[in-house]
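The structure under discussion appears below in the form of structure tokens.
Throughout, read-outs are computed from the coordinates displayed, never taken from laboratory work. Keep in mind that what you see is a predicted model, and the values were worked out from it rather than measured. Positions of Cβ are backbone-derived with ideal geometry, glycine not excepted, and every protein chain shown enters the neighbour counts.
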Amino acid sequence: MERSVIRLSHCQKDIFCFSVPEQCPSCGEELRGSRLQEAPVSLPSPFSNGHKSSCCLLVAPAHDNLHRDFDGTSDLHTGISNTTGVVYNYTQDGVRRDLSGWERCISIPLVRPDMFHLLAQWDQYLERFSDGPMWDPVWYRFQEDEHNCFSFCLQFLNNVLTAEGQEVLSREDFTRCFVLPRIRRGSKYSTLYQHIQEHQFYMVGRQEDTGSTS
Ligand SMILES: [Zn+2]
């Protein structure tokens, strides 16, 4: 079970941990029971359960390795959820409709909650799109680089945009604006999480409040 990461500040340091330590790892001062200058804040996890996020683009590690992590080196797999949390994803064998396996992934919402007409048709769109010959291994072959899981997601999204009378997105723009920033955040969080698991805490010099966040 994933624990939540908290951040507390002491003696000009930001300390990230799972629970408030007995003593400050930097200056050794007693922390438990003493009043901290500021209450610890918990960091929101960038991961969510794909089967509980409707109408999202989902990004998860490609292989069923034990850690299933975003360490920045493993391949990623993408899919699209319908309104009931079924994840449609294109593989060598065609489009899979997964009911499990996407419990920890990055979710990128594709539909605003007030777009009722689109929400009402989403499942139908997705089902019909997935049945197209483009994704049938008898007609087209999966290609690692050009005709892959991400092509499926992007083309579906562009079909929806076209149906809505909006401009389509290029692969580059979509990746740069929507996908990469979230993957970077996920990967940073994973690194931090692993560090805390091994060393109980992670400590950095307190950043001045310049208003810049990452
Ligand atoms: Zn301290």
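Annotation: peptides 94-105, 149-160, 3-14, 18-29, ranked by per-residue average of other Cβ atoms within 10 Å with the highest first, follow the order 149-160, 94-105, 3-14, 18-29. Over the chain, the Kirkwood radius and the radius of gyration, each from Cα atoms, give a ratio Rg/Rh of 1.07. In terms of its C-alpha gyration tensor, region 50-169 has an oblate overall shape, because the principal axis ratio a/c (a ≥ b ≥ c, square roots of the eigenvalues) is not below 1.5 and a/b does not outweigh b/c. For Leu31, nonlocal amide neighbours, meaning residues 5 or more places apart or on other chains whose placed amide H falls under 5 Å from its own, are Gln23, Cys24. Name the residues whose placed amide hydrogens come within less than 5 Å of the amide hydrogen of Tyr90, ignoring near sequence neighbours (fewer than 5 apart) on the same chain. Here Arg96 satisfy the definition. For Gly101, the amide hydrogen comes within under 5 Å of no other amide hydrogen, counting only partners 5 or more places away or on other chains and with H modelled in the peptide plane.
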